[in-house]
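**Student:** Provided herewith is a single structure, encoded as structure tokens, for subsequent inquiry.
The values are calculated or read from the model by the stated rules, or taken from the named source; none is laboratory data. This structure is a prediction, so every number in the text was calculated from the model and none was measured. In this analysis, Cβ positions are derived from the backbone assuming ideal geometry, glycine residues included, and neighbour counts consider all displayed protein chains.
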Amino acid sequence: MSEITPDLVRHLASLARILVTDEEVDQLAGELAVIVDSVAMVNQAVSGDVVATSHPIPMVNVYREDAILPSLTQEQALSGAPESADGRFKVNAILDED
């Protein structure tokens, strides 16, 4: 069992700039001891031959060949636009610029 003393809790609280009462120090000492012990148990359970993983199922990237396909012409793309000008979509200005 780890030794989380009230003095250690007060020191950690001062580092974190947290004001704690004596009652909170006693409560936090117990809670922090449980957390530290739990982490120690997990560390003991994991032996050195277990590979760390971020995902339980192996993942691979799926790639496909790039293929040039026909696309819309400029006129077709602009055909559904409410307004266009000079071969571009025309929209209202959103900044104070011309």
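**Student:** Consider A77 carefully, then state whether it is in contact with an Asp or Glu (Cβ under 9 Å, 6 or more places away or on another chain) and at pLDDT 90 or above.
**Tutor:** Details: in contact with an Asp or Glu (Cβ under 9 Å, 6 or more places away or on another chain): no; at pLDDT 90 or above: yes.
Spelling it out, it is not the case that A77 is in contact with an Asp or Glu (Cβ under 9 Å, 6 or more places away or on another chain) and at pLDDT 90 or above.
**Student:** What are the residues in the stretch 13-23 that are assigned to a helix (DSSP H, G or I) and either aromatic (F, W, Y) or surrounded by fewer than 15 Cβ atoms within 10 Å (Cβ to Cβ) (or both), if any?
**Tutor:** If the condition is that a residue be assigned to a helix (DSSP H, G or I) and either aromatic (F, W, Y) or surrounded by fewer than 15 Cβ atoms within 10 Å (Cβ to Cβ) (or both), then S14, L15, D22, E23 are the ones that fit.
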